[in-house]
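Single-structure report; data block below.
Quick note: the coordinates plus some simple rules give every number you see, no bench work behind them. On a predicted model such as this, the values are computed, not experimentally measured, just so you know. Glycine also receives a Cβ, built like all others from the backbone with ideal geometry; neighbour counts cover every protein chain displayed.
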Amino acid sequence: MSPVKGKIERIYKILKANLPLPEPRNLPPVEELVLTILSQNTSDRNRDLAWKRLKGKFSSMEEVAEAPLEEIESAIKPAGLYRQKARRIKEVLNILKERFGGLRIPLKGEELYEFLLSLKGVGPKTAAVVSLFSFGEPYFPVDTHIFRVSNRIPLAKGRTRKEVQEKLNSLVPDRLKKELHLLLIELGRSFCRPTPNCSACPIREHCDFAKGFPSREGKGRKE
Ligand code: SF4
């Protein structure tokens, strides 16, 4: 096993023993897709509020697909960028209907990931989230928390989330992808925040950033 893969396994075990494992959402694929579009550039709280309002206003995603744009916009307003997001949601739902004859995505593996990526407003993280959580496909989504944590430890370094995602996707064993993704987000929320709490962090012994690297940047332990 390569050193970094060994490190990933060790960190996974420590995080699992020390952090609560957040419940995955387990939404149907099309709902997960809509929710991840809502979640772009907003807080979890605003996303959840917009999602609740959307679900309260429409009884199904089919209804959302048929609804006037303004009604979707007013339902999802708390998510921010609501005009753009409403247009994207409607477009995506209608592409599914045209391509697959209904609101379903009968694809697997790379074909599924590439199809998701081809949808306007769906980037590598969203495509990987939907592939992993709704289809059980082995992808490792990298959000802002994981990007920060991964570069600090480091697990995989990169200048963009896409770059880090590609590296972690091949480094993290498939059996760990779901849980490690959730645990690293939890780590990023609880300890490894933009100003990290290294002294209380359960993986400080395994983290270069906590040991003062890269000190040459003169940034200490802050970002
Ligand atoms: S030790 Fe500090 S920098 Fe490293 S993962 Fe923990 S909180 Fe983040």
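As a footprinting exposure proxy, order Glu114, Glu186 by other Cβ within 10 Å, with the fewest listed first. Mind dumping the intermediate values first?
Working: Glu114 11, Glu186 18.
The order, fewest Cβ neighbours first, is Glu114, Glu186.
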Taking N as the number of residues in the range 29-135, what value does Rg over Cα atoms divided by 2.2 N^0.38 Å take? 0.99
Starting from a Cα-only point model with no solvent, please compute log10 I(q)/I(0) by Debye for the chain at q = 0.11 1/Å. -0.59
The helix 161-171 Cα axis meets the longest alpha-carbon principal axis of the chain at an angle in degrees, between 0 and 90 and rounded to 10, of 70
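So for the range 29-135, averaging the separation of alpha carbon pairs under 8 Å that are six or more residues apart and normalising by length, what relative contact order in percent results?
Values: 102 pairs, mean separation 33.0, N = 107.
In percent, rounded to a whole number, it is 31.
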Semi-axes of the range 1-87's equivalent ellipsoid from the Cα gyration tensor, sqrt of 5 times each eigenvalue, largest first, rounded to whole Å? 36, 13, 12
Could you list Val130, Val30 so that the one with the fewest beta carbons within 10 Å of its beta carbon is first and the one with the most is last? Val30, Val130
